[in-house]
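Following: one structure in structure tokens, then a few remarks.
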Amino acid sequence: MASGYSAKEEDGHHSGALGPAGGAAVRSRKPDNTAFKQQRLPAWQPILTAGTVLPAFFIIGLLFIPIGIGLYVTSNNIRELQIDYTGTESSSPCFACSQNYSWNMTTPCVCSVSFSLDQPFESNVFMYYGLSNFYQNHRRYVKSRDDSQLNGNLNSLKEPSKECEPYRTNDGKPIAPCGAIANSLFNDTLALYYNDPNGTETQIQLVKRGIAWWTDKHVKFRNPVGDDSNLTAIFQGTAKPVNWQKPVYELDSDPENNGFINEDLIVWMRTAALPTFRKLYRIIEKNSSTSPTLPRGNYTLKITYNYPVRSFEGRKRMILSTISWMGGKNPFLGIAYITVGSICFFLGVVLLIIHHKYGSRSSSADLTH
Amino acid sequence: MWRRRLTCLFGGEEKRVDSRTIHAGRGSSPVADAFPQQKFCDNRIVSSKYTIWNFLPKNLFEQFRRIANFYFLIIFLVQVIVDTPTSPVTSGLPLFFVITVTAIKQGYEDWLRHKADNEVNKYPVTVLEDGKRVGKESEKIKVGDVVEVLEDETFPCDLVLLQSSRDDDTCFVTTASLDGESNHKTHYTVPDTVKDVESLHATIECEQPQPDLYKFVGRMHIRRDGQETAVRSLGPENLLLKGATLKNTKKIYGVAVYTGMETKMALNYQGKSQKRSVVEKSINAFLIVYLCLLVSKAFVCTTLKYVWQNQHGQDEPWYNPKTQQERDTNLYLKMFTDFLSFMVLFNFIIPVSMYVTVEMQKFLGSFFITWDKDFFDPEVQEGALVNTSDLNEELGQVEYIFTDKTGTLTENNMEFIECCIDGFQYKNHKFLTETDGLCETDGPITITLNKAPEELEELFLRALCLCHTVQVKESQPVDEIDGVVLDQVDGFSPSPEDQCAFIASSPDEVALVKGAMTHGFTFIGSDSKSMKIRNRDNRVEVYELLHVLNFDPVRRRMSVIVKSESGEVLLFCKGADSSIFPRVRKEEVDRIRVHVERDAKEGYRTLCVAYKRLGNEDFARVDAELREARLSLHDREEKLMAVYNQVETDMILIGATAVEDRLQDRAAETMEALQGAGMKVWVLTGDKMETAKSTCYACRLFQRGTELLELTVGALGEGEGKREERLLELLLEYHKRVVHDTPPSKTGLHRTWSSPGQDYGLIVDGATLSLLLNASPDGTGSHYKNLFLKICQSCTSVLCCRMAPLQKAQIVRMVKSSKGSPITLSVGDGANDVSMILEAHVGIGIKGKEGRQAVRNSDYAIPKLKHLKKLLLVHGHLYYVRIAHLVQYFFYKNLCFILPQFLYQFYCGYSQLPLYDAAYLTMYNICFTSMPILAYSLFEQHISIDTLLDHAALYREVAKNAMLRWGPFFYWTMLGVFHGLLFFFGVYCVFSNPALLPSGQVFGNWTFGTIVFTILVFTVTIKLALDTRHWTWINHFVIWGSLAFYILFSFFWGGITWPFLEQQRLYFVFINMLSSMSAWLAIMLLIVLSLLPDVLLVALRRPRGRNTRQIAAVTPLSYKHLKEREW
């Protein structure tokens, strides 16, 4: 930038510098004749015209509609059953449990909901619990965890992050796992029974492994490693989360699913995106190739009702669902694909007509000129 | 800044004193006590802005005065103070970076200014103190000091000339760096000053400093021992201005009257105010819209948050208790901090990176101007120069062009073309020998060809050799010295005589003398008493120079009275045809007139030459009258004029000359192209009206059909009081003629050819203009101005002649501030153009012959006028399109970046949870989406360079800030809103069942954000790809590169547990997302869907687009058609 007025200029002494001596330096000022500097780099100059755009519309249309149909069919083939067991209505079997709830109940309140399947659930069935109006994505809540503690860091175990407040310490002892997320771990126990037509009630085997992301289970979450391989000893000196009934090292009898690597805990720690969400609870594995995983018939869902949602007007659901390559049941994608595909196709046709008409008119207009 | 400095220099009291009293040779001034000593400023020039001490606070203050910087500062402070969703580093680091870089740049520039100031201020000068010569630094000169200046030195301050080494008490000065006139001007010593300056006792009373270069009024009281005080009046001819250079004079002594910042030169320089482009103004306007958007978003969220929290159980559910600190905070304070938190969360909508990118685009983009080989001129051996990169896009928005004439439109290189003696035409090149010298093209062929004209011919040539004020400068290398151009050797006369250079007050005179030289008569030199010429027989003739009747613009002629060796007293007169013809006999006129008129039509400057023999009595009478008039103290000018007029009568016309000031290469073509691009060209020149007019004709600014309206001293007539009335009359008349009688559609951008009406050209001169602008302050002044403006705006071209530098700036300012505030551009090459270059929106300097002043003060400098065409039509157009797109795109991409985050607040309890991870929030503008748009804004050529050059009318497509008006802005904003809504709600619908993995596992909120973000990055980048019309490998590399980079980064960022992060939020989120077929399909669907409207628009717009292309392609042709129809 030039100065306001270059005082140097006044005398004009400097101009003498532009004598013949400066010639060599001056000559080099000739700009290079390179394509880059002359803005003449070879370039692809696509011109988007109706001609080039039209096929795109048709291609998108032809591509999207089958995908959409595929998705829609897939989604429709997924069996899904949702049972709301919140128990806010007096008719609900869990009404009593939901009413008489207090945190330090000695005997758990159990209620059972009966339902029937009209159609059998083939292949693996996934059991979810769903919560509504539960803001797992509240910022205060999302922050309230210590990933380093959950990763087995011993320092963090003893000295949890400040973000865990107010669930950082209890009676001077550090809470493990600390924070509001862990503290509010979903602790209803769901059990599923098949009511045989002959009157017997068979409990259906629920697998609790494989519900969390592999990487979470194996890398992100790790139990602290001490001198002792005994979890109880390692967690010595820590307090259990305030709302928990059991300490973290007693979550499961299986050592591979206990402590911080308990999959229920891991699943819960992955905060949901929306206030209405579902989380994978158990998997019902298909065990014979001939009979369906869940045959048609009557079932009973037995709930150990521990988790209060009435205070914030939440709802609790149990969801049984089969899974396809696209995940759970979701007709949206299929419909959206079909819609977009059809729109594209339709637009393509309209444009073709317009283009055809307009094109011929404009060319005739050219002739008259 | 200058003004302020000045007012503080004059104390409050000082202001009221309207004259200053100076004691020459202060040191020995016994009477000094008799006067109250006035305080004058020292001779220091200060152009720097900062000192070491105030740099930091002042610079920071200035930087934070920019609305954007201030905004970022506030955001940063909020982040530091309040618990916000993002860390202060995210906005603090970029801000710190930007501020530091700017401060360093400005500091460096100011350091350069300091250096330049010092060079001037420390320049050694010689001052007489107590009779001794003392060496001093220039800045130490005080008012009243007697200063010695040697040849070729510049005057360090404004001096009243006391003594000159020349024995005729004159000195020669060139004011090239002041007003651009490279000729030599004669200045006179104050009469009757004693020969030895050392013993001078004098008091000078003069007016307070004022910027008019040509005005100076003062009185000098000279006291001599034992004598009474002599009073001498001082005029501009006694004043040597700072900045001018002494020429042809060994040394002079002068007394300093104005110093430092009070010199006329300093007063004539306006501070270079920061020029802001329209685009920047648009950015600021958009910024305010987005700021409002931001504030209203934050406000809506805050309100809703508290409404929502009032519902039962929502504020603090058992699973999510508040911390103690949160509970203790005052409700209103909490509301306020919540508001601020939302602001911080959404602040990315106005990204720092946009400013960085815009700056980078401007800085890097300007290199293409420097690099353009089409701007390289083999003569100057230089290409274009970019002094400021802030205005690249402004080059594409120009509506008015103000151009200097001499050196800009023309080469400033006079050439003798032909002459006509007694009705016979002599072409220059065929007239090397006597015999074949006559070329009878259209003159009557007579048999007495050689006889009668022979005598006349010699007389004519003698007249050319004698009737001038040319000086011969001997043994000077013919080169550019100190910014003054000595006359250059012309190609056709490479004789050794040319080693001596001619110096004259007007380049025409040199051309004439040289013309005579080619015809055998050489002017060898003159001293104050005599002139020597060498005639065809190689004999030296000596003429005694008796009187010079100087040229003045009213008489428009000059004469000399000489006595030949034979004792004959001759008067030679040359002047414009209009001023000579009435003073010669009728029958002679007719023979010459044909030639003169034809030459004038060719655009040559024509002069007629006449002579007169003076008898002895006649001469004695004239001599006496002249002497008397010259000595009179009052009305000297008028008296002299009367005598001149009386003497210059009954002359005999000998012939006429034609001199060409060659137009610059392709000047007319350039002007035509610029006018075709919808720009209006005004010529502002210090030159005479006639010359300027002929140049305008030659440049095709005026055409044969153009009706010229004159607002000149000539048109107004004499007499102060009447002038104003007459001016108003003329204005009203012209206004009626031009504005009322033509359809109003004609005004504005469209050039007059589009309507079949009359072309008008306006000619204004400086005197009339000052009358106009300084008209009586009772409200009629603005009325005059308005009338004048309206007339000007409806004229095809305007010519302003006899302009002082500041008047040029005044004109520019007037147009600049007129309705619609059109974008102005000034082109000039001399120091006299500096003020208008500084005043206009864009200042262009031509690297001409009149020094580098204009170049230094310009925003862009080009070697030749013809380069203006490419600079505006190609570079300006492209830069405008590029930056306009850049700005719109930036706002767009940040709107659709932040909108989902805003929408997410509705689903996360208004808790300010960011939708995207912090890394994505920070990197989005820095890495993922910045490079493609930067590459676009550097390399895009939506129309090829050649097409732009060929079809000037394409320039109109972007005129009036077309791409940054509210319409396009609204379109982009809507697009951003559409995309934002689509991204969020599309993914929202997909997440109605978060079990998207084929293993039945669910996705959490970070996956939600990552999917939205992926769609966002791809859509925004592909949107740009769709807009790119010019794909160089760099575009390919950068566009696909940033997408690849995004993917790689996401893999990398999510692939490792980062020890420095508190939360491993994104651990394997991206990879898991990719293992979900639904996520893939959702991403593809939403990208396609969001780009659909754009593609659709392209398909629909396409026929219209072709139409405009057709129109554009046909325009130059149809112009011709139109014209043909008109004729």
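The values are calculated or read from the model by the stated rules, or taken from the named source; none is laboratory data. Keep in mind it's a predicted model, so treat the numbers as computed, not measured. Don't worry about glycine lacking a Cβ; one is built from the backbone with ideal geometry, like all the others, and counts go over all protein chains shown.
Pull up region B:623-670, narrow it to residues that are out of contact with any helix residue (DSSP H, G or I) (no Cβ under 8 Å at 6 or more places or on another chain) and of a type in the set (A, V, I, L, M), then point me to the one that is nearest to B:S578 (Cα to Cα).
Among them, the one singled out is B:M641.
crowded, with 16+ Cβ neighbours inside 10 Å and assigned to a strand (DSSP E or B), is that true of A:C111?
yes
Please list, ordered by residue number, the strands (runs of 3 or more DSSP E) wholly in region A:124-224 having 2 or more residues that are within 27 Å of B:H312 (Cβ to Cβ).
Values: elements: A:125-132, A:189-195, A:201-203.
Correct list: A:125-132.
What about B:V307, is it away from chain A (no Cβ under 11 Å) and at pLDDT below 90?
Criteria not met by B:V307.
Could you grab me the full set of residues in region B:1064-1074 that are within 10 Å of chain A (Cβ to nearest Cβ) and part of a loop (DSSP other than H, G, I, E, B)?
Result: B:Q1064, B:R1065, B:Y1067, B:F1068.
Can we say B:Q675 is touching a Lys or Arg at 6+ places or on another chain (Cβ under 7 Å) and more than 22 Å from B:P805 (Cα to Cα)?
Spelling it out, B:Q675 is indeed touching a Lys or Arg at 6+ places or on another chain (Cβ under 7 Å) and more than 22 Å from B:P805 (Cα to Cα).
Within the group B:F1018, B:F1013, which residue is surrounded by fewer than 24 Cβ atoms within 10 Å (Cβ to Cβ), out of contact with any His (no Cβ under 9 Å at 6 or more places or on another chain) and at pLDDT 95 or above?
Testing whether each residue is surrounded by fewer than 24 Cβ atoms within 10 Å (Cβ to Cβ), out of contact with any His (no Cβ under 9 Å at 6 or more places or on another chain) and at pLDDT 95 or above leaves just B:F1018.
In this structure, does A:T52 turn out to be at pLDDT 85 or above, surrounded by 12 or more Cβ atoms within 10 Å (Cβ to Cβ) and either hydroxyl-bearing (S, T, Y) or touching a Gly at 6+ places or on another chain (Cβ under 6 Å) (or both)?
No: the conditions fail for A:T52.
Given the conditions (1) surrounded by fewer than 20 Cβ atoms within 10 Å (Cβ to Cβ); (2) within 13 Å of chain B (Cβ to nearest Cβ), and given that A:S289 satisfies all but one, which numbered condition is not satisfied?
(2)
Being more than 11 Å from chain A (Cβ to nearest Cβ) and at pLDDT below 90 is the requirement here; does B:I846 meet it?
Answer is yes for this residue.
Tally time: how many residues in region A:127-163 are more than 10 Å from chain B (Cβ to nearest Cβ) and under 23 Å from B:D328 (Cβ atoms)?
1
How many residues are more than 14 Å from every other protein chain (Cβ to nearest Cβ), of a type outside the set (F, W, Y) and not in a helix (DSSP H, G or I) if we restrict to region B:51-103?
5
What do you reckon, is B:L1086 on the phi < 0 side of the Ramachandran plot, more than 7 Å from chain A (Cβ to nearest Cβ) and surrounded by fewer than 21 Cβ atoms within 10 Å (Cβ to Cβ)?
no
Can you name the number of the only condition in (1) in contact with an Asp or Glu (Cβ under 9 Å, 6 or more places away or on another chain); (2) crowded, with 24+ Cβ neighbours inside 10 Å; (3) in a helix (DSSP H, G or I); (4) modelled with pLDDT under 85 that B:L806 fails?
(2)
Looking at B:K790, B:K746, can you tell me which residue is modelled with pLDDT of 80 or more and basic (K, R)?
Result of the check over B:K790, B:K746: B:K790.
Go through region B:345-360 and count every residue that is within 14 Å of chain A (Cβ to nearest Cβ) and not hydrophobic (A, V, I, L, M, F, W, C).
Counting residues in region B:345-360 that are within 14 Å of chain A (Cβ to nearest Cβ) and not hydrophobic (A, V, I, L, M, F, W, C) gives 1.
Looking at (1) touching a strand residue (DSSP E or B) at 6+ places or on another chain (Cβ under 7 Å); (2) on the phi < 0 side of the Ramachandran plot, which is the only condition B:G144 fails?
Status for B:G144: all satisfied but (2).
If we keep just the residues of region A:71-91 that are part of a loop (DSSP other than H, G, I, E, B) and touching a Phe, Trp or Tyr at 6+ places or on another chain (Cβ under 7 Å), which is surrounded by the fewest Cβ atoms within 10 Å (Cβ to Cβ)?
A:E89
For region A:284-316, which residues satisfy the criterion of being part of a loop (DSSP other than H, G, I, E, B) and farther than 30 Å from B:G909 by Cα?
Answer for region A:284-316, where residues must be part of a loop (DSSP other than H, G, I, E, B) and farther than 30 Å from B:G909 by Cα: A:E285, A:K286, A:N287, A:S288, A:S289, A:T290, A:S291, A:P292, A:T293, A:P295, A:R296.
Kindly indicate the residue of region B:113-167 that is β-branched (V, I, T) and not in a strand (DSSP E or B) and also nearest to the other protein chains (Cβ to nearest Cβ) among those meeting that condition.
It comes out as B:V120.
If I ask for residues that are over 23 Å from B:S821 (Cα atoms), crowded, with 19+ Cβ neighbours inside 10 Å and not hydrophobic (A, V, I, L, M, F, W, C), which ones from region B:961-982 would you list?
The answer is B:T973, B:G976, B:H979, B:G980.
Is it true that some residue in region A:168-179 is more than 28 Å from A:G328 (Cβ to Cβ), modelled with pLDDT of 90 or more and surrounded by fewer than 16 Cβ atoms within 10 Å (Cβ to Cβ)?
yes
Out of all the residues in region A:323-333, is one or more out of contact with any Pro (no Cβ under 9 Å at 6 or more places or on another chain) and farther than 25 Å from A:L62 by Cβ?
Yes.
Among the residues of region B:966-1000, what is the count of those that are without any contact (Cβ under 8 Å) to a residue 40 or more places away in the chain and in a loop (DSSP other than H, G, I, E, B)? Talk me through it step by step, then tell me what you get.
Initially, region B:966-1000 is screened for residues without any contact (Cβ under 8 Å) to a residue 40 or more places away in the chain, giving B:966-967, B:970-971, B:974, B:989, B:991-995, B:999-1000.
Filter once more, so that each one left must be in a loop (DSSP other than H, G, I, E, B): B:991-995, B:999-1000.
The qualifying residues number 7.
One line per residue, one yes/no per condition, for (1) at pLDDT below 90; (2) within 9 Å of chain B (Cβ to nearest Cβ); (3) surrounded by fewer than 20 Cβ atoms within 10 Å (Cβ to Cβ); (4) under 24 Å from A:I65 (Cα atoms):
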position	(1), (2), (3), (4)
A:E256	yes, no, yes, no
A:R317	no, no, yes, no
A:K329	no, yes, no, yes
A:I335	no, no, yes, yes
A:F346	no, no, yes, yes
A:S363	yes, no, yes, no
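Please give the number of the condition B:T370 fails out of (1) surrounded by fewer than 18 Cβ atoms within 10 Å (Cβ to Cβ); (2) assigned to a strand (DSSP E or B); (3) of a type in the set (V, I, T).
(2)
What about A:F64, is it more than 14 Å from chain B (Cβ to nearest Cβ), of a type outside the set (A, V, I, L, M) and under 32 Å from the mean Cα position of the chain (by Cα)?
No; evaluated as a whole, the condition is false for this residue.
Tell me, yes or no, whether region B:657-672 has at least one residue that is farther than 30 Å from B:A952 by Cβ, in contact (Cβ under 8 Å) with a residue 12 or more places away in the chain, outside any loop (DSSP other than H, G, I, E, B) and out of contact with any Gly (no Cβ under 9 Å at 6 or more places or on another chain).
yes
Exactly one of these conditions fails for A:G210: (1) at positive phi; (2) in contact with a helix residue (DSSP H, G or I) (Cβ under 8 Å, 6 or more places away or on another chain); (3) away from chain B (no Cβ under 11 Å); (4) not polar (S, T, N, Q). Give me its number.
Here A:G210 meets the rest and fails (3).
Within region B:1053-1060, does at least one residue satisfy the condition of being assigned to a helix (DSSP H, G or I), over 17 Å from B:L938 (Cα atoms) and touching a residue at least 60 places away in the same chain (Cβ under 8 Å)? Can you show your working first?
Step one: filter region B:1053-1060 for residues assigned to a helix (DSSP H, G or I), giving B:1053-1055.
Right, trim to over 17 Å from B:L938 (Cα atoms) and you get B:1053-1055.
Now narrow it down to the ones that are touching a residue at least 60 places away in the same chain (Cβ under 8 Å): B:1053.
Looking for residues that are assigned to a helix (DSSP H, G or I), over 17 Å from B:L938 (Cα atoms) and touching a residue at least 60 places away in the same chain (Cβ under 8 Å), one finds at least one in region B:1053-1060, hence yes.
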